[in-house]
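Read-outs: derived from the displayed coordinates by stated rules, not from any lab. The shown structure was predicted, so the numbers you read here are calculated from the model rather than taken from an experiment. Cβ coordinates were reconstructed from backbone atoms using ideal geometry, including for glycine residues, and neighbour counts include every protein chain displayed.
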Amino acid sequence: MSSELSKNLVSFRLSSTSGVPAYLQLVQQVEQALRMGALGPGDRLPTVKEVVAEIALNPNTVLKAYRELEVRGLVEGKQGVGTFVLARPSGPPPGTQERLSRSLQAWVRKARHEGLDDPAIEALVRSALTRAGSSAEGAA
Amino acid sequence: MSRAAQPETAPAVEAVGLGKHYGHSWGLQDCSVQVPKGAISALLGPNGSGKTTLLRMVAGFATASAGSVRVLGRAPAQSEEFLASVGYLAQEMPLYRRLNVAEHLELGRRLNRRWDDGAARGRLTALRVPFDRPVATLSGGQRAQVALALAVAKTPDVLLLDEPVAALDPLARAEFLASLAAAAAGTGLTVLLSSHLLRDVEQVCDHVVLLASSRVQLCATTEALVSCHKVLLGPRRGPSGCERSFDVVRATHTERQSRLLVRSPGPALGPSWEVFEADLEEIVLAYMGQGRDGGAIAAGPLSLLSTTGGAR
């Protein structure tokens with residue numbers, strides 16, 4: 001795998017209005033790329049310099065995100081070489097997310113069509129998560 | 001990480017009681033700040049609050065009327081050694097209008113001993129800035145990129161930038177800050193950049209110095225600021241009552257509710273208070289207002305001088 005190719009494996013973007021800290025947004029985007037199969041074991045993440053040259057971010061924020069990914073056991077930093085993907089986050093294989101996301105989008109469209117606004121939809125989802133109990137019960 | 005266990009290194013920029021008066025009024029007064037090595041620090045404050053005065057004294061272009069300032073342990077001086085270690089980019093982005101980019105780079109290479117030509121060329125090429133046109137014909141964003149590339153190619157240890165993005169459109173601003181962050185990544189370069197808007201520079205900074213009414217209102221890492229402030233929401237209280245049990249930076253009241261930005265609330269909060277995280281912008285605005293009201297609120301300025309910038 002050439003380094004030119006791996007540069008484009010993941011491209012970060014930041015939302016300043018989400019309320020989620022910037023480093024956590026990067027962590028979530030890498031995890032999401034892993035779940036969707038866009039990134040896999042062995043792939044190299046962009047260097048800190050490459051990331052900040054693209055999205056104007058404090059270099060320490062990127063380092064913090066990469067350290068968090070390391071703590072979660074998903075990537076490994078190799079001194080002077082780069083940061084490499086070790087594993088996918090635990091959970092169902094890539095594809096499952098995408099399939100469920102499509103059916104959820106259909107449901108959201110239906111809810112909006114019936115007159116629910118986004119806060120109402122969010123409240124409904126939260127309440128469903130609570131009512132469905134723990135994930136173990138859900139599987140039964 | 002292992003570096004955290006090491007003793008703290010000396011700050012890159014340290015001012016103690018620094019002041020400058022113009023005639024009978026102070027442009028800057030009793031200014032004590034520390035910018036940690038490797039930090040990208042936002043120097044914030046309304047127009048006329050003393051930002052340019054501070055930067056010019058740090059750069060050695062203006063002399064102090066009171067107090068002292070040290071840059072990497074040295075007093076600013078017009079010596080070759082000092083000038084090589086400090087980069088200063090004035091607000092008007094000083095460039096030779098008729099010279100092209102290639103000629104600017106050649107000039108820089110001849111005049112500076114520590115010149116890094118490759119980095120400057122690489123970044124300007126990546127941004128598709130033409131090397132063969134007089135800089136007067138480039139866009140404002142491109143001229144700012146050229147000025148930054150020249151300042152970075154000097155390989156200073158401390159880079160001082162006076163309102164570098166104020167005149168740029170949002171896209172050019174983002175590209176400029178990206179170049180700045182890339183220049184700082186992995187080099188240990190310390191940056192102090194002024195801006196009258198936090199939002200313009202928030203993402204690239206990990207340290208904040210806030211001036212208001214010619215005085216320092218805040219000096220701390222962004223992480224420390226966010227972690228030591230909270231927003232409390234509760235039933236309307238008078239100014240006495242429980243506000244005494246913690247430092248209120250800013251209080252806003254509606255008929256029934258009080259919303260308080262407080263510093264380090266203890267665990268002794270009553271159950272009627274809801275506690276929220278404070279965001280950096282809210283904190284900075286609150287302290288800026290404090291300076292304007294002449295310190296009417298009890299909390300007073302905040303300096304967390306012992307905090308270090310992260311290791312890069």
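Structural remarks
- When shorter helices are ignored and each DSSP H run of at least 4 residues is given -39500 (n - 2.57), the per-residue value for chain A at 222 nm works out to -17000 deg cm²/dmol.
- Unit charges at the beta carbon, dipole of the protein assembly as shown: most positive-side option, B:212, A:92, B:233: A:92
- Taken about its Cα centre, the protein assembly as shown carries a charge dipole of about 260 debye when Lys and Arg each add +1 at the Cβ and Asp and Glu each add -1 at the Cβ.
- Taking other Cβ atoms within 10 Å as a rough exposure proxy, B:200, B:117 sort from fewest to most as B:117, B:200.
- Count, lysine Cα pairs under 24 Å in chain A, 8 or more residues apart or across chains: 6
- Rounded to the nearest 10 degrees, the angle from helix A:118-131 to the longest Cα principal axis of chain A is 90 degrees.
- Counting Cβ atoms of other protein chains within 10 Å of each residue's Cβ and taking the mean over peptide B:174-181 gives 5.
- Counting only alpha carbon atoms, the long axis of helix B:170-184 and the longest principal axis of chain B meet at about 80°.
- Per-pair calculated FRET efficiency, R0 = 41 Å: residue A:68 and residue B:139 via Cβ, rounded to 0.05: 0.60
- When B:189, B:161 are arranged by Cβ crowding within 10 Å, least crowded first, meaning fewest neighbours, the order is B:189, B:161.
- Global form of the protein assembly as shown, assessed from the alpha-carbon gyration tensor, a/c cut-off 1.5: oblate
- Going from the residue with the fewest nearby Cβ atoms within 10 Å to the one with the most, B:281, B:80 rank B:80, B:281.
- Helix B:101-111 and the longest principal axis of the Cα set of chain B meet at an angle near 90°.
- Shielding of peptide B:184-191 by partners, expressed as the average count of other chain Cβ atoms within 10 Å per residue Cβ, is 3.
- Counted charge near residue A:28, where neighbours are those whose Cβ lies closer than 14 Å (Asp, Glu -1; Lys, Arg +1): +2
- For chain B, adding -39500 (n - 2.57) for each run of n ≥ 4 DSSP H residues and dividing by the number of residues yields -8000 deg cm²/dmol at 222 nm.
- Scoring A:35-48, B:63-76 by mean Cβ neighbours within 10 Å over their residues and listing the highest first yields A:35-48, B:63-76.
- Among the GluC sites (Glu not before Pro) in region A:13-65, none is located in a DSSP loop while being surrounded by at most 10 other Cβ atoms within 10 Å of its own Cβ.
- Between the amide H of residue B:212 and those of B:217, distances stay under 5 Å, these residues lying 5 or more places away or on another chain, with hydrogens modeled in the peptide plane.
- In sequence order, calculated HN-Hα J values of region B:59-66 (Karplus, 6.51, -1.76, 1.60; Hz; x Gly/Pro): 6, x, 8, 9, 9, 7, 8, 8
- Along region B:272-286 the Karplus relation, 6.51 cos²θ - 1.76 cosθ + 1.60 evaluated at θ = phi - 60°, assigns HN-Hα couplings of 7, 8, 9, 10, 10, 5, 9, 9, 4, 4, 4, 4, 4, 4, 5 Hz to successive residues, with x for each Gly and Pro.
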